[in-house]
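What follows is a single structure, written as structure tokens, with notes after it.
Since every read-out is calculated from the coordinates, none of them should be taken as a lab result. Everything numeric in this text was worked out from a predicted model, so none of it was measured. Every residue, glycine among them, receives a Cβ derived from its backbone with ideal geometry; neighbour counts consider all protein chains shown.
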Amino acid sequence: MEYQLAVTDKTIKIGDGILVMGRAPPDAKRFAINLGRDRHNLLLHFNPRFDTRDIVCNSKACGVWGQELRESLFPFQQGEEAKISISFDARAVTVTMPGNKEIKFPNRLGMDSAQFFSDRGIISTPKEEEKSPTKDFVWIHYTVILPMFSLEEGHTSSWPLFKAQAEKGRLACFCVCQQLSHQTFTMETQMVFSHLSIKPGECIKVKGKVPPEAKSFALNLCHDDSDTILHFNPRFDSHGDVNTIVCNSKTNGQWDSELRESVFPFQQGEDTKICLSFDYEAVTVKINGDQEVKFPNRLGANSAKIFSVEGDIAIRSVKFD
């Protein structure tokens with residue numbers, strides 16, 4: 001399968017819902033959605049298959065698959081948009097599909113919460129951004145749109161971890177979210193997109209909210225694992241810097257010289273919008289539509305394959321234009 005998105009360290013409880021929205025390419029073969037405690041214990045493996053035009057559902061306990069159930073009802077079409085909502089209770093998982101078609105799968109593991117969600121396959125982002133249907137959803141945009149539930153006020157230490165990767169071939173491994181080290185300190189990774197192909201002139205749009213007690217967060221645009229085009233690090237009060245933006249690059253795994261920007265348009269406890277783009281000379285970061293920071297493209301990179309967000313920021317959406 002071609003794309004993968006996984007979410008861990010986020011508790012989904014009975015009564016909560018997940019909404020996935022995307023577009024299957026014209027040559028799509030299959031995709032899969034997994035919900036469970038971890039990758040070895042799955043409440044639901046939901047696997048629509050275009051080649052056989054059926055839906056395979058299963059569960060997994062302690063790494064062992066259960067008995068497959070096959071559903072001949074198949075409301076998905078290659079090349080068309082699809083919305084899928086998932087909820088569960090003590091008895092069953094309910095999946096609502098295009099045309100309000102519904103599948104129920106038994107809660108074989110008796111789970112009352114889930115901490116693992118992943119989407120594997122060939123689902124791409126719809127052409128037009130759609131607004132959240134209710135206040136309980138926060139949108140994450142990429143190959144699928146995954147609404148996560150609003151965190152309660154003051155809960156700033158356990159944001160969901162994300163990693164999305166594009167894989168060639170028909171099968172992709174589960175992704176494992178990790179932490180990234182920067183110089184002598186570590187920030188909690190919120191989101192990692194890898195195997196991208198971001199070209200000069202394309203824009204990465206990030207929307208989020210800075211927690212009231214935020215110390216620091218960072219956006220990283222990387223050519224690969226060893227070369228970082230831009231490490232953009234607003235610091236409210238971190239490592240001796242107060243209300244300062246620290247920018248840097250990394251070459252062959254080694255950090256280059258830092259540049260500091262005293263213009264600081266971020267506020268603790270407030271929403272923020274960031275648009276990041278680059279050309280052969282510089283990376284441009286536009287903040288809240290009226291502030292701009294430029295950082296030289298020291299690597300002379302003509303593409304970016306990795307984008308990550310880390311630290312004290314609650315991500316609402318990431319969109320690639």
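Hey, got the dipole for segment 178-321? About the Cα centre, +1 on K and R Cβ, -1 on D and E Cβ, debye to the nearest 20?
280 debye
Evaluate the Debye formula for segment 178-321 with equal point scatterers sitting on the alpha carbons, no solvent, and hand back log10 of I(q)/I(0) at q = 0.13, 0.20 Å⁻¹, in q order, two decimals.
-0.50, -1.33
So, counting K/R as plus one and D/E as minus one, what does the shell of residues with Cβ under 9 Å around LYS205 add up to?
Summing Lys and Arg as +1 and Asp and Glu as -1 gives +2.
Give me the one-decimal Kirkwood hydrodynamic radius in Å for segment 238-321, with the sum taken over alpha-carbon pairs.
One decimal place: 14.5 Å for the Kirkwood radius.
Between GLN291 and LEU69, what length comes free when the chain is fully extended (0.36 nm per residue of separation minus the Cα-Cα distance, one decimal in nm)?
My answer for the length gained is 74.5 nm.
Mind giving me the FRET efficiency for CYS203 and ALA90? R0 is 25 Å, r the Cβ-Cβ distance, nearest 0.05 is fine.
Result of the calculation: an efficiency of 0.05.
Would you report the distance distribution of C-alpha pairs in segment 12-63 as whole percents per 10 angstrom bin, up to the bin with the largest distance?
Cα pair-distance distribution for segment 12-63, in percent: 22, 45, 29, 4.
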